[in-house]
Amino acid sequence: MAANNRRMSGKKGAQVGSGGKRRRGLEGKGPTPPAEMRKGHAKQRAAAAKARRAQGRTPQRRGGGKSASELVVGRNPVVEALREGVPASTLYVQQFIDNDERVREALQLAAERGGINLMEAPRPELDRMTNGLNHQGLVLQVPPYEYAHPEDLLDAAADEGEDPLVVALDGVTDPRNLGAVVRSVSAFGGHGVVVPERRSAGMTAGAWKTSAGTAARTPVARATNLTRTLESYKKAGVTVVGLAADGEVELGDLEALEGPVAIVVGSEGKGLSRLVGETCDFRVRIPMPGGAESLNAGVAAGIVLYEAARRRS
């Protein structure tokens, strides 16, 4: 009897059905949804941020503060600054100055532009103003530059119904590189440049000259902390792309350039700082068949901006 019970215990009893789960699992999930509908995808974050901005009112521009005023000293520098349209508030001319061709041109340019005060001053006063520099009797005062706030650049893109295209500079200290980047951003339809508040080039007269006048229509924003600014950009749906010689992605393969993007350019010698590099969504390299080790910030930014503009056209 016991043996019989053991044989009977091996029989299978009634089983609970799957409820059709196995059959539904074989049916598949359908076509892959577009990137804008996939949760966590950069394009989905960008679409959500654009929708939020469209629902609200146009944000008030907050501004990023002002720089200190600047003096351009010497006859040739003053004339070049006036030729290039560098903003100026006052032209100081030394009393009893030798009236040569450069002095006459400076006076003529200042008069033609209008809005520039002409002040005659004794030599000792100009010496004091310039801390004893060789001013040659001409001193041009450049007013403080009014920086934008980093979020103003995203707002400007939203106002125009475009995806943001911004360049951020990390550790770039040469004003001429900043001016060159501003010029490239303007040429390729970008919405502005972001610079850190410390250890970075500012909008000096040198940057204005290199920008060839484009600084008048391309805003430069100043960030108290560049890493935090880039993180806020990412939350707003902007893909942060850092340029690095050893980047994991080649420029031609970067699809993110077709959407909202912030391009981060480091210094020619040190590249991106550690924290900024870790904040980037992608680290991108520019192929250089000629064997150059690096490009300066102005050239590198121009290449990537061209690629972004080509993909968006």
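We did not get these values from a lab; they are worked out from the coordinates using the rules stated. A quick note: this is a predicted structure, and the numbers were derived from the prediction, not measured. Glycine gets a Cβ as well: all are built from the backbone with ideal geometry, and neighbour counts include every protein chain shown.
What to note about this one:
- Averaged over residues, the count of other Cβ atoms within 10 Å places the peptides 92-103, 148-159 in the sequence 148-159, 92-103, highest first.
- Vicinal HN-Hα couplings computed from phi for the range 112-121 (Karplus, 6.51 cos²θ - 1.76 cosθ + 1.60; Hz; Gly/Pro x): 5, 6, x, x, 10, 6, 9, 10, 9, 9
- Amide H to amide H, with H built 1.01 Å from N, Val264 comes under 5 Å of Ala168, Val241, Gly242, Leu243, counting only residues 5 or more places away or on other chains.
- Cβ crowding within 10 Å averaged over residues, with 167-176, 216-225, 273-282 ranked highest first: 167-176, 216-225, 273-282
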